[in-house]
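Undergrad: Just passing along the structure, written as C-alpha cells.
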Amino acid sequence: MKTPPIESKSVREPSLPTYRQLALTLATEIKAGKHKIGSLIPSLGESSRVNKVSAPTVSVAYDILRKHGIIALNTSNRFVVKSKNIESFLAEELKLTRYVNSNNQTPVDTSEPQ
C-alpha cells in the first residue's frame, strides 16, 4: 500500500518550517480520523521519501508530536497514534506561529522535553 504524501504546504501559515508543517498536517489528519488510535503511521524513511524531505526533518516533526503525547513508539520501534486530543498542541502551534510571524523570528520548539 502506497502512502500518500503529507501536504507540506500550509495554506494558512506559509512561513512555517517544513518540520512544523509536517507535524501540523499529521496532527490534523489524526484528529480527522485518517489515522486511528493504535495504528501505525509511516516510518521516518517512508515519510521522508513520500514527502521529499530529509529523514531528520521527519524525525523532528515526529518528535514534536511525541512530546505532545499524540504519537508514541511501540515495542517494535514504530510510531503509532496514541491520542486524538490535539487541541492544546494546535493552539500552542498557532500561538507560536502568530508570534513568530508578527516578530519575523524563527520558530523555537516550546514543547516540554520528556
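Undergrad: Take the residues of region 59-114 that are of a type in the set (Val, Ile, Thr) and in a loop (DSSP other than H, G, I, E, B): which is modelled with the highest pLDDT? Before you say what the answer is, go through the steps one by one.
TA: The first filter runs over region 59-114 and keeps only residues of a type in the set (Val, Ile, Thr), leaving 60, 64, 70-71, 75, 80-81, 86, 97, 100, 106, 108, 110.
Remaining after also requiring in a loop (DSSP other than H, G, I, E, B): 70, 75, 86, 106, 108, 110.
Values: Ile70: 95, Thr75: 90, Ile86: 86, Thr106: 55, Val108: 53, Thr110: 49.
For region 59-114, the residue satisfying everything is Ile70.
Undergrad: Just give me the residues in region 29-58 being within 24 Å of Glu87 (Cβ to Cβ), out of contact with any helix residue (DSSP H, G or I) (no Cβ under 7 Å at 6 or more places or on another chain) and part of a helix (DSSP H, G or I), in sequence order.
TA: Glu29, Ile30, Lys31
Undergrad: While we're on this one: Within region 74-84, is even one residue surrounded by fewer than 18 Cβ atoms within 10 Å (Cβ to Cβ), of a type in the set (Ser, Thr, Tyr), out of contact with any Lys or Arg (no Cβ under 6 Å at 6 or more places or on another chain) and under 19 Å from Ser15 (Cα atoms)? If you could, list the steps in order and put the result at the bottom.
TA: Initial filter on region 74-84 (surrounded by fewer than 18 Cβ atoms within 10 Å (Cβ to Cβ)): 74-78, 80, 83-84.
Retained after the next criterion (residues that are of a type in the set (Ser, Thr, Tyr)): 75-76, 83.
Those still in the list that are out of contact with any Lys or Arg (no Cβ under 6 Å at 6 or more places or on another chain) too: 75-76, 83.
Narrowing further to those that are under 19 Å from Ser15 (Cα atoms): none.
Scanning region 74-84, I find no residue that is surrounded by fewer than 18 Cβ atoms within 10 Å (Cβ to Cβ), of a type in the set (Ser, Thr, Tyr), out of contact with any Lys or Arg (no Cβ under 6 Å at 6 or more places or on another chain) and under 19 Å from Ser15 (Cα atoms), so the answer is no.
The values are calculated or read from the model by the stated rules, or taken from the named source; none is laboratory data. It should be emphasised that the depicted structure is a prediction, and the values quoted were computed from it without experimental measurement. Every residue, glycine among them, receives a Cβ derived from its backbone with ideal geometry; neighbour counts consider all protein chains shown.
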